[in-house]
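Chemist: Please see the structure below; I have some questions.
The values are calculated or read from the model by the stated rules, or taken from the named source; none is laboratory data. Note that this is a predicted model, so its numbers are computed, not measured. Here the Cβ positions follow ideal geometry from the backbone for every residue, glycine too, while neighbour counts run over all protein chains shown. The accessibility values were calculated without ligands, DNA or RNA, using every heavy atom of the protein model including side chains. Shrake-Rupley method; radii C 1.70, N 1.55, O 1.52, S 1.80 Å.
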Amino acid sequence: MTAQVVEMQLNNPHDRTQWQHFLTSLGITNFSAREVDQIDTTLGLIEDDQLVGTGSIAGNVLKYVGVCNLNSRPGARFNQIVSALVSRLFQAHIFHMMVFTKAKYSLSFQHVGFKELAHSDEAAVLENGSPDIADFVRQLPSITNQDDQRVSAIVMNANPFTCGHRYLVEQAAAVSDLVYVFVVATDASLFRTAERVKLVQQGTADLPNVQVVSGGDYLVSAATFPAYFLDSAASAIEAQTTLDARIFKTQLAPALHITTRFVGSEPTSRTTAIYNQVLQRELPPTVSVQVVPRTEVADQPISARTVRQWIQSGNLTKLNQLVPPTTAQFIKNNLSVLQSRIQEGMKINGN
Amino acid sequence: MEIKTSAFAGTLESSDIQIMLMAGDNGIQIDLESDVIKQFGAQIKHVITTTLQQLNIDNVKVRAVDKGALDCVIKARTIAAAQRALETTTPAWEVL
């Protein structure tokens, strides 16, 4: 007898209890609200009135995939639930999907068409569909004889773009033929992704060897590095940043001939400080890591967080000390919109 | 002809094949995953390629995950995926 795929409603207490109990029996025990709340769809596999498998979708990421192989051909239920999830995503016109899983399950996902982007001892990240990482690399701007040039990269959220970001880009541009500035693509910050990209572009427009591009799903995205956007345990940050660094080192850097990654020193944000440490551990010798000390104004490191706090309070008198004129103009023009986003619950003290 | 949207057909269950079609610009490029790729890889790719050619699709990226499908299944899944990608609904009788 074959199992039936059914949709489960996690806000229904009966389904939720059954789902959580089943996953707990498989050793999956993180049911914190911030993980579970992101789920869009949950499917269950029912055989003889028993739940024998489940999987969920959050955006384009597969989560909480687990099956019981008792009284079944190994792999059959896994394949059935992944098929159903992939089919759901395609019906929703989501053609590129990712999964973040324990390293020991990486092969199971590869058997159903996923490609591994990177793995560590504990975890692995895989993708399927299109556009994939090769397509991502192909659409990036390039220069002639790029393999012989000095190519650097910076990854920034730029929420918003400050004089500190500008200083970091200048330092990289001064010693490089080409600098890729990857702006975090996940839209989970006070400044929307399109706004952040535009302000970085405007703030670096006078530097001809700087290319401002999207980080896509591959650099500090909600798929590979959710802890950047949610306050998380140090162990989770460490695990996720290791994968993020390895995707950069093994996939992006060789394809784009990137030899140096520039980062700003991080005196205040714990998440970013761990990320910097992991980059310094993972990237060399393939890619060297240059830590540029933060620019200071009146003995205080320039921080986008300070700018966000000023936006909240509406006190913009010293704004020009911290941000370039383009960013300052944007903030002044859109102050009420930004303030209403904060009032609607947008957090400004994270990243 | 090139395809308009990405599309897929089929499942990952035993005796089936999942065919995913994505926009491409370099002929018919097939990326096949199969447990029997040594014995039947060439035959599976041949069935997919001929079916796509009969539908006049000559630029496409194909991701195929085979779980032991027979030729008739491979053909049916390819046609279904192609028609979804081309957004056509009338059956292609001449290909069947």
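Chemist: Given the condition outside any strand (DSSP E or B), within 11 Å of chain B (Cβ to nearest Cβ) and crowded, with 21+ Cβ neighbours inside 10 Å, answer yes or no: does some residue in segment A:66-77 qualify? Spell out how you get there, then give the answer.
Modeler: So the first thing to find is which residues in segment A:66-77 are outside any strand (DSSP E or B), and the list is A:68-77.
Those left that are additionally within 11 Å of chain B (Cβ to nearest Cβ): A:73, A:75-77.
Then keep just the ones that are crowded, with 21+ Cβ neighbours inside 10 Å; that gives A:77.
Checking segment A:66-77: at least one residue is outside any strand (DSSP E or B), within 11 Å of chain B (Cβ to nearest Cβ) and crowded, with 21+ Cβ neighbours inside 10 Å.
Chemist: Just one of the numbered conditions (1) open to solvent by 10 Å² or more (accessible area, probe 1.4 Å); (2) closer than 20 Å to A:LEU256 by Cβ; (3) modelled with pLDDT of 90 or more is not true of A:SER152; which one?
Modeler: (1)
Chemist: For B:ALA81, all conditions in the list (1) buried (at least 20 other Cβ atoms within 10 Å of the Cβ); (2) within 14 Å of another protein chain (Cβ to nearest Cβ); (3) in contact with a helix residue (DSSP H, G or I) (Cβ under 8 Å, 6 or more places away or on another chain) hold save one; what is the number of the exception?
Modeler: Single failed check for B:ALA81: (3).
Chemist: Run down A:ALA223, A:ALA236 and say which single residue is within 20 Å of the chain's Cα centre (by Cα), under 23 Å from A:ASP121 (Cβ atoms) and assigned to a helix (DSSP H, G or I).
Modeler: Values: A:ALA223 fails: assigned to a helix (DSSP H, G or I).
Within the list A:ALA223, A:ALA236, the selection yields A:ALA236.
Chemist: Only residues in segment A:205-221 that are more than 13 Å from A:MET156 (Cβ to Cβ) count as the first member; pair them with residues that are open to solvent by less than 20 Å² (accessible area, probe 1.4 Å) and hydroxyl-bearing (Ser, Thr, Tyr), Cβ under 8 angstrom, at least 6 apart or cross-chain, and list the lot.
Modeler: These pairs meet every condition: A:ASN209/A:SER176; A:GLN211/A:TYR180; A:ASP217/A:THR224; A:TYR218/A:THR224.
Chemist: Take B:LYS4 and decide whether it is among the basic types (Lys, Arg), modelled with pLDDT under 95 and either closer than 24 Å to A:GLN110 by Cα or open to solvent by less than 30 Å² (accessible area, probe 1.4 Å) (or both). So that I can check it myself, show each step before the final result.
Modeler: Values: among the basic types (Lys, Arg): yes; modelled with pLDDT under 95: yes; either closer than 24 Å to A:GLN110 by Cα or open to solvent by less than 30 Å² (accessible area, probe 1.4 Å) (or both): no.
Against the criterion (among the basic types (Lys, Arg), modelled with pLDDT under 95 and either closer than 24 Å to A:GLN110 by Cα or open to solvent by less than 30 Å² (accessible area, probe 1.4 Å) (or both)), B:LYS4 does not qualify.
Chemist: Pick out the one residue from B:GLN18, B:GLN53, B:GLN43 that is under 14 Å from the mean Cα position of the chain (by Cα), on the phi < 0 side of the Ramachandran plot and within 11 Å of chain A (Cβ to nearest Cβ).
Modeler: Values: B:GLN53 fails: within 11 Å of chain A (Cβ to nearest Cβ); B:GLN43 fails: within 11 Å of chain A (Cβ to nearest Cβ).
Criteria check complete, one pass: B:GLN18.
Chemist: Still on this model: Kindly check whether there is at least one residue in segment A:122-144 that is more than 14 Å from every other protein chain (Cβ to nearest Cβ), buried (at least 20 other Cβ atoms within 10 Å of the Cβ) and β-branched (Val, Ile, Thr).
Modeler: Scanning segment A:122-144, I find at least one residue that is more than 14 Å from every other protein chain (Cβ to nearest Cβ), buried (at least 20 other Cβ atoms within 10 Å of the Cβ) and β-branched (Val, Ile, Thr), so the answer is yes.
Chemist: Out of all the residues in segment A:87-121, which are assigned to a helix (DSSP H, G or I), open to solvent by less than 20 Å² (accessible area, probe 1.4 Å) and within 13 Å of chain B (Cβ to nearest Cβ)?
Modeler: Of all residues in segment A:87-121, those assigned to a helix (DSSP H, G or I) come to A:87-91, A:103-111.
From what is left, the residues that are open to solvent by less than 20 Å² (accessible area, probe 1.4 Å) are A:89-90, A:106, A:109.
Once the filter is applied, which keeps residues that are assigned to a helix (DSSP H, G or I), open to solvent by less than 20 Å² (accessible area, probe 1.4 Å) and within 13 Å of chain B (Cβ to nearest Cβ), segment A:87-121 yields A:LEU89, A:PHE90, A:PHE109.
Chemist: Quick one: count up the residues across segment A:210-220 that are open to solvent by 30 Å² or more (accessible area, probe 1.4 Å) and either farther than 21 Å from A:LEU190 by Cα or outside any loop (DSSP other than H, G, I, E, B) (or both). Steps first, please.
Modeler: In the first step, residues of segment A:210-220 are kept if they are open to solvent by 30 Å² or more (accessible area, probe 1.4 Å); the result is A:211, A:214, A:217.
Restricting the remaining residues to those that are either farther than 21 Å from A:LEU190 by Cα or outside any loop (DSSP other than H, G, I, E, B) (or both) gives A:211, A:214.
The total comes to 2.
Chemist: Somewhere in segment B:38-57, is a residue in a strand (DSSP E or B) and in contact (Cβ under 8 Å) with a residue 24 or more places away in the chain? It would help to see each step written out before you state the result.
Modeler: Our first condition is that a residue be in a strand (DSSP E or B); within segment B:38-57, this holds for none.
So far as segment B:38-57 goes, no, none of its residues is in a strand (DSSP E or B) and in contact (Cβ under 8 Å) with a residue 24 or more places away in the chain.
Chemist: Related question: I need the full set of residues from segment A:279-324 which are more than 16 Å from A:GLY164 (Cβ to Cβ) and open to solvent by 90 Å² or more (accessible area, probe 1.4 Å), in order please.
Modeler: A:GLN280, A:ARG281, A:PRO285, A:GLN312, A:THR317
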